[in-house]
1. Report the Cα centroid-to-centroid distance between region 86-140 and region 1-35 in angstrom, as an integer.
2. Looking at region 4-138 only, what percent of DSSP beta bridges run antiparallel? Nearest 5 please.
3. In whole Å, what are the extents of the chain along the principal axes defined by its C-alpha atoms, from largest to smallest?
4. Per residue of the chain, what 222 nm ellipticity follows from adding -39500 (n - 2.57) for every DSSP H run with n ≥ 4, rounded to the nearest 500?
């Protein structure tokens, strides 16, 4: 389990975050969390097959993590998907995102198998938490 210190450092150090399950609807948590992170200076890249090819959060939206160019240097993925959908997403992220350092699962999302795989690849795993809540709590 990630410590508060590790979570704080991940939030501060992450520069490019892929939001899996991104929504263009302002009332959706994935949208408001992404906008919050943009307000903290992060580049947010949306991942949603239904919005692929459009622009969201000032960047192109991709249908899958593997479609994001390596040059984007995605170092965190923020997952807005059901727990049972997480493992294949993490497998794809590990294979496709060479700069990845953090796998973040939103509130209500946990997957032990995906967490173990990510940790075995040296990644920090945060489960059942929200950056929009953790930032003010840990950073101010």
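What follows draws every value from the coordinates through simple rules; no lab data is involved. None of these values were measured; they are calculated from a predicted model.
1. Taking the Cα centre of each part, region 86-140 and region 1-35 sit 10 Å apart.
2. Of those bridges, close to 10 percent are antiparallel.
3. So the three principal-axis extents are 36, 33, 27 Å.
4. It lands at -10000 deg cm²/dmol.
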